[in-house]
Amino acid sequence: MSVVVVTDSSASLPAELVAELGILVVPLHVLVDDRAFCEGVDDEPIDYSSSTVTTSAAAPGELGAAYERALELSEGDGVVAVHISRQLSATWEAGRQAVRDMDAADRVRLVDSLSAGLGTGLPVLAAARRAREGAALDVVYDAAASAASRGRAFIVVNRTEQLRRGGRLSSAAAFFGTELVTKPILQMVDGRLELREKARTRSKAYAKLVAAAVDAAGEDGATVAVQHLGEPEAAATITAQLTDLIPGIRELVTAEFGPTLAVHLGTGAVGVLVVPGGCA
């Protein structure tokens, strides 16, 4: 058989890629009042602006069951699990607890993507493609870890209130003054979401977003991803600009933010993820 790759639903990978590469996806949870929904499984309307809506990580038992299933499918070749940054979610730590309880713990490797959304999804793709080629466990792990370490993520949001409320963003947001007249541009740094700069208008924020991504991509080809929540036209425009401005794009993936990220980012968020050198 071959190594099997596992991730969590925050990775936002298109269903066709998940199916094609045999990736196992463990749902994270959205909590609405006293009800819990599984991302990607339960199709429920969610008010992303509500202060009563929260999220929760996958439990060790859920992850352990997925790892055991993946190990069985691999026929012992091993499992590489790539998860959302441990700075943003308890999922990675739950995965580590799950591995401790497994009899074949030495055949399961965990990777902290140092990111979220397709910032997690791109390292997953890197690992899954090496696995499909029949690469050994260490090689598949290295592919994911390398893509995660090289990845850069930039996001424009309408407001940072939801991120601060959920503890996903530093209180340094005060540096940016009132958000009523500015649009924050965020970036991932060592697995944490930080404020990068501000813009007076959404169009200027998008321009700064594109400039940051182009600079991060470099000249030697890159894998690029664009995500959004309720902004398909802006995402399409940004995708076209990146295609024109980044030389030798090796792959371009687009997707909407899933519910567990949308709760924290809010409607109108647009993100660009770049892995210089690509994920092939």
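The values are calculated or read from the model by the stated rules, or taken from the named source; none is laboratory data. These figures come from a predicted structure and were not determined experimentally. Heads up, the Cβs are rebuilt from the backbone with ideal geometry, glycines too, and the neighbour counts pull from every protein chain shown. Just the protein is used for accessible areas: all its heavy atoms, side chains included, with ligands, DNA and RNA removed. Shrake-Rupley method; radii C 1.70, N 1.55, O 1.52, S 1.80 Å.
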query = Going through segment 231-252 one residue at a time, which ones are under 28 Å from P45 (Cα atoms) and either out of contact with any Gly (no Cβ under 7 Å at 6 or more places or on another chain) or buried (at least 23 other Cβ atoms within 10 Å of the Cβ) (or both)?
reply = P232, E233, A234, A235, A236, T237, I238, T239
query = Are there any pairs, at least 6 apart or on different chains, whose C-beta atoms fall under 8 Å, with the first in segment 117-132 and touching a residue at least 12 places away in the same chain (Cβ under 8 Å) and the second aromatic (F, W, Y) and assigned to a helix (DSSP H, G or I), and if so, which?
reply = A127/Y141
message = I need the full set of residues from segment 136-159 which are farther than 30 Å from A126 by Cα and either open to solvent by 50 Å² or more (accessible area, probe 1.4 Å) or at pLDDT below 65 (or both), in order please.
response = R159
query = Has segment 261-273 got at least one residue that is over 20 Å from A148 (Cβ atoms), among the small types (G, A, S), free of Cβ contacts under 8 Å to residues at least 24 places away in the same chain and outside any loop (DSSP other than H, G, I, E, B)?
reply = no
message = Can you tell me which condition D138 does not meet? The list is (1) farther than 17 Å from G22 by Cβ; (2) part of a loop (DSSP other than H, G, I, E, B), and all the others hold.
response = (2)
key: Selection count where residues are closer than 29 Å to L273 by Cβ and either open to solvent by 10 Å² or more (accessible area, probe 1.4 Å) or assigned to a strand (DSSP E or B) (or both), scope segment 95-114   = 9
Yes/no for L193 being open to solvent by less than 30 Å² (accessible area, probe 1.4 Å) and either within 18 Å of the chain's Cα centre (by Cα) or modelled with pLDDT of 95 or more (or both) = yes
Hits in segment 196-229 - residues which are more than 25 Å from L125 (Cα to Cα) and touching a Ser or Thr at 6+ places or on another chain (Cβ under 7 Å) = K198, A199, R200
ask   = In segment 28-42, which residues are assigned to a loop (DSSP other than H, G, I, E, B), free of Cβ contacts under 8 Å to residues at least 60 places away in the same chain and among the hydrophobic types (A, V, I, L, M, F, W, C)?
value = V41
remark   = Of the listed residues (V25, V6), the one being in contact with a helix residue (DSSP H, G or I) (Cβ under 7 Å, 6 or more places away or on another chain), closer than 15 Å to G121 by Cα, open to solvent by 40 Å² or more (accessible area, probe 1.4 Å) and in a strand (DSSP E or B) is V25
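Let's see how each residue does on (1) more than 17 Å from the chain's Cα centre (by Cα); (2) in contact (Cβ under 8 Å) with a residue 60 or more places away in the chain:
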| position | (1), (2) |
| --- | --- |
| M1 | yes, yes |
| T7 | no, yes |
| R69 | yes, no |
| D77 | yes, yes |
| A98 | yes, no |
remark   = Here the residues within segment 211-230 that are out of contact with any strand residue (DSSP E or B) (no Cβ under 7 Å at 6 or more places or on another chain), assigned to a helix (DSSP H, G or I) and either of a type in the set (D, E) or buried (at least 19 other Cβ atoms within 10 Å of the Cβ) (or both) are V214, D215
inquiry  = What's the number of the only condition in (1) over 25 Å from G230 (Cα atoms); (2) surrounded by fewer than 14 Cβ atoms within 10 Å (Cβ to Cβ) that V41 fails to meet?
reply    = (1)
query = Can you spot a residue in segment 43-62 that is assigned to a helix (DSSP H, G or I) and either at pLDDT below 95 or charged (D, E, K, R) (or both)?
reply = yes
